[in-house]
Amino acid sequence: MSRDDPARVNPQLSAREAEAVADVMFALSTPSRVRILGQLRERPHAVGELMEAIGMEQSAVSHQLRVLREHRLVLAERRGRQRVYALHDEHVASLLDDALGHVADLSRDSRKRRGPSRLRRTG
């Protein structure tokens, strides 16, 4: 569904939709899973490549990938003796991009507020 889709006009979510969104957000709630998605955003990776890029043990990477697979954020393809992981679809890439954009906006807003205060105390 795009942002211009008429179905987005009604902002009410059903309980089922809210639960499904919360499940996806849960899957994104761990920095290591977000870092894995960031690596996969660039290109598909084998577990060993993810271990090296993120600096995590194989068992930890495999566990995080299992969570991401269960939430349909990544898919795995067997290539010989390796499993190669990729983002499930472009929605996952967009979700990650939007979250990163939001964080960047928050960071810019925070820096603006740390500058000289517009309200000066007198006295």
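The values are calculated or read from the model by the stated rules, or taken from the named source; none is laboratory data. These numbers come from a predicted model, not from an experiment. Don't worry about glycine lacking a Cβ; one is built from the backbone with ideal geometry, like all the others, and counts go over all protein chains shown.
Given the conditions (1) touching a residue at least 40 places away in the same chain (Cβ under 8 Å); (2) crowded, with 16+ Cβ neighbours inside 10 Å; (3) of a type in the set (D, E), report the number of the one that E49 does not fulfil.
All conditions are met except number (1).
I'd like to verify a number: residues in the range 4-36 that are among the basic types (K, R), more than 11 Å from V67 (Cα to Cα) and modelled with pLDDT of 90 or more, how many?
Number of matching residues: 2.
Could you identify the single residue in V47, V84, V92 that is β-branched (V, I, T), touching a helix residue (DSSP H, G or I) at 6+ places or on another chain (Cβ under 6 Å) and at pLDDT 95 or above?
Sole residue among the options that is β-branched (V, I, T), touching a helix residue (DSSP H, G or I) at 6+ places or on another chain (Cβ under 6 Å) and at pLDDT 95 or above: V47.
Each row is one residue, and each column tells you yes or no for (1) β-branched (V, I, T); (2) surrounded by 15 or more Cβ atoms within 10 Å (Cβ to Cβ).
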| residue | (1), (2) |
| --- | --- |
| A22 | no, no |
| V34 | yes, yes |
| P44 | no, yes |
| Q58 | no, no |
